[in-house]
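Read-outs throughout are calculated quantities, based only on the coordinates presented, and are distinct from any laboratory measurement. Keep in mind that what you see is a predicted model, and the values were worked out from it rather than measured. Glycine gets a Cβ as well: all are built from the backbone with ideal geometry, and neighbour counts include every protein chain shown.
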Amino acid sequence: MKAETHPVPDDDSATPVHNTRCKRLIFLLCLSVLVGFLIPIGIIMAANGGADINVSKTDGLDIVHEALPLTYTISIHNTGSQAAENVVITDVLGSDYEFISYVMGAAHTQSSPQVNTLVWSLNEGVDPGESINFTLLARVKTNLSAPLSLSNVIKASTTTSETNITNNIYTDTNIAPAFEVIYSVTPVEVNLNEQFTFQIQITNRGTSEASSVTVETQVFPTELSIVNPTTTKTGATVLATGGSVSASLGTLSVGETVYVNFNATVVSAPTQSKTYTTIATARWNPQQPIQSSQSSNIAYRITGTSLPPTGGFEKDGPPGILLSIGIISGLTLGIIGIAALGYGIWIWGRNPTWAPWFLTSGIILTTACMAFNLGALAIGADFSSFMPHSISETRIPGGKLVYFQEPWVPKSTPHAPETLPDYPIPTPDAGTVAQAELEAPQEPDGEPVDISPVVRIIIPALDLDTVVKYVPFKGITWLIAGLKDEIAWMGDTSWPGLGSNTGLAGHVTLKDGDDGPFKHLFDLAAGEEVILHTEENIYTYLVREGVVVDAGDLAVTEPSEVSQLSLITCTGWDSGKREYQERLVVTAELVKVEPQRRRISFIFSSKTSR
């Protein structure tokens, strides 16, 4: 009799049940974690629910005077967790203000304005974290009965429940003082040898006369010389002493206005442009226990001197590696994608399982090919926007000399010259020439000091041989507009024959981004020759050193005790500002002088001997 056998299920037969249980367990675990994460968030949101409208105003003023235009900004910010619906904004101007206009970017409806009260309703809600800003223009009324406080109240409301309503109102107060002092200056920026015109206006807006009225300014910087101080007050005195202006005006009756005027000439320019602030203070009624006073301040700017801007634009390196990667990757993906598409079509009837996979992969790869190539084209197009533009020089109203990229050209302002003009070359000072004749052992054959202009420069190590042209110094820098492949002989520096410092400037790059004549000045090593030709002599110099200085460091052009050259060009390219920030200065000392006619005579005799 055979023993009865029963099949024993193997491990695989239990696998479906086991997997189902595992999946359910994992799902329950994930659901628990999700619920545990969302419950605290829900509690926090419930605790902090609602909108929260915050109102603020910005005008930047504390002291105002009659007829003053006042521009201010109102901000409505929702710091709550829900959108604020049906927001209404009310701006109540004090009776001493006059509303002019407003600008609001958000969609809104304005109610019919009442006297000094403006009401706006926003057409859409203000979302959590959103701010609505708008700008208003008003004017302080005339004939104020000063002193007084001018109030402005701004309120906002919403139909949405708010967590905090204390910040729905903002009150701003400006003061119209009994004594009004208005300090002004025109223009706000000038160059060397130009003038500022300052004016101080003092008005008594109180209810009684003011006695023993005085006005005094802060001390002005040494770059300015105060001239022509005057006042419109009969019998008053005004003085300019110790670098400041002071005036004794006597008594000012109610409503009386007095002006104090003076000019300030820039007698020396700082090495860098500087902005200064000056304060004018009026005082009156000194017999009172606490003397009354009122001040006003203004800012003005003096343009600093700078070495010539001998640089156009650095050409940005082409995005070659990015462009190459994009193109190569795109082509590779395209080839593989086309092959996959072709293979998928070929095996469609032979292997229906794999054919759809190859077709889908082919479509994805060819799409990626198009994306990579479009990206490469975008990189190339974006690079074109960084190609250099020309740089020009002009004067803007106010006298400031500026450099700008074309095509931005101020209207009615002439373009910079395309070529460097032939500026007249001045005659050196007779005393300087006489001193040089006493100290000029470099002159060959004991002849008179050479005061002929520089006409040519040769630097063999740089393979440079080009023309030199004179450019004058004009207040803050040298007029090199139009300079290209020439080298600029900088006005107010020495003649080579006078035994001092001769400044020569050349472009490192031109306005189209090409190399300038001093592009490789950095590579000039100590001991290399620099040969300079004047109309009379040939001067040979040996390079001593090279240094990098700030653009405003004019010390490198000052006279020297030895006969030397200072070769100057731009360096320190700032790709963000698109300009050169520093100057490279290479100095070379004189070692030999020979007359032009000796060399010409030698060449002539050599030719005739043949």
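Some observations on this one:
- Net charge dipole size for the range 430-602 [Lys, Arg +1 and Asp, Glu -1 on Cβ; Debye, nearest 20]: 400
- When the listed pairs Lys57/Lys141; Lys484/Lys592; Lys511/Lys592; Lys233/Lys474 are checked against a 31 Å cut-off, the alpha-carbon distance exceeds it for Lys511/Lys592; Lys233/Lys474.
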